[in-house]
1. Give me the residue from region 147-187 that is among the hydrophobic types (A, V, I, L, M, F, W, C) and without any contact (Cβ under 8 Å) to a residue 24 or more places away in the chain and, out of that set, nearest to THR8 (Cα to Cα).
2. Just to be sure I understand, how many residues within region 5-56 are without any contact (Cβ under 8 Å) to a residue 60 or more places away in the chain, among the hydroxyl-bearing types (Ser, Thr, Tyr) and part of a helix (DSSP H, G or I)?
3. Within region 224-256, how many residues turn out to be aliphatic (A, V, I, L, M) and closer than 15 Å to PHE48 by Cα?
4. Tell me yes or no: at least one residue of region 149-165 is surrounded by fewer than 17 Cβ atoms within 10 Å (Cβ to Cβ) and part of a helix (DSSP H, G or I).
5. Just wondering, is there one or more residues in region 208-231 that are at negative phi, of a type in the set (Asp, Glu), buried (at least 17 other Cβ atoms within 10 Å of the Cβ) and under 18 Å from the mean Cα position of the chain (by Cα)?
6. Inspect region 120-130 for any residue being at pLDDT below 80, small (Gly, Ala, Ser) and assigned by TED's automatic domain parsing to the domain that holds VAL36 and give the result as yes or no.
7. Mind checking whether some residue in region 246-255 is over 23 Å from GLY170 (Cβ atoms) and of a type in the set (D, E, K, R)?
8. Of the residues that make up region 38-61, is at least one at pLDDT 85 or above, of a type outside the set (A, V, I, L, M), farther than 24 Å from PHE238 by Cβ and assigned by TED's automatic domain parsing to the domain that holds ASN135?
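The values are calculated or read from the model by the stated rules, or taken from the named source; none is laboratory data. All values derive from a computational prediction rather than experimental measurement. Backbone-built Cβ (ideal geometry, glycine too); neighbour counts: all protein chains shown.
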Amino acid sequence: MRNFRTRTITGLSMVFLLLFSLWYNNWLFAGIFLVVTILGIWEFYTLFTSEEVQPQKIYGTACGSILYLVLFLVNATNLDLLSPLWYYFPVLAAMAMFFLSFIIEIYRKKPKPLENIAITATGVLYVALPFALLNFLNSPDSARIFGFPAYLLGYFTFAWSYDTGAYLYGKPFGKHKFFERISPKKTWEGTIAGAIMAGITSMGFSFLVPGIPLIDWLILAILVIIFGTFGDLAESLFKRSLKIKDSGNILPGHGGILDRFDTFFISAPFVFLYFILRNI
């Protein structure tokens, strides 16, 4: 009961901060998620650091932060993402920074250079890139609902409703394991309940924002359900391979940054891809 209370207080505090940043402006939202990105990448590297494997924590965190800032500025300053310069610059810069990690590793004299480079690159792609892509759903000219960016608010709301429904129903009533090898506590009952709640929430958004068709909200919810689930399983796979319960303890009742945002790490790129294709 005490853990549930702590979890609820932390969760509501995070929701309030996130909603306020969405309502205030895209710069505040980007600033908050830049901090989350830095903490998340550092947490990721800390998880995989051992006596033999030592990723380039400072360099990788800097790379992720720069990638995040470049993509945010491309969006926030209304630069045409499809123009040759701004479309390729973030990709080419990220590639150059990635190959620079090989040079750095030459001088580090660590026992597992390949693993160090691989984990350094994975931290940037797994944490920084998905968070950076969220900013493209928070453009100044995006559709609004009560002063909030409609698509991004919907994305977060569907993810929260999916997780909440799965947790509240699956914990007391779940009997059939969903993916026991990786996540023993996840059940089919909880997953289905969460999916139903996300679907109902998406239909509610279609009434609140009549300018956006129901099919968009349903597709967004489906992407959250499918790829959010894989994001949860991927995070569980990491923790199970490392034999740990939580990725960190920075968020009371929730664990670490990676624990709290695992739904977004794999779903965000697919949500971004859908809206890019939709607007072509």
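1. This residue is PHE173.
2. Qualifying residue count, region 5-56: 3.
3. Going through region 224-256 one residue at a time, the tally reaches 4.
4. Yes, region 149-165 contains at least one residue that is surrounded by fewer than 17 Cβ atoms within 10 Å (Cβ to Cβ) and part of a helix (DSSP H, G or I).
5. No - not one qualifying residue is present in region 208-231.
6. No - not one qualifying residue is present in region 120-130.
7. No, every residue in region 246-255 fails to be over 23 Å from GLY170 (Cβ atoms) and of a type in the set (D, E, K, R).
8. Looking for residues that are at pLDDT 85 or above, of a type outside the set (A, V, I, L, M), farther than 24 Å from PHE238 by Cβ and assigned by TED's automatic domain parsing to the domain that holds ASN135, one finds none in region 38-61, hence no.
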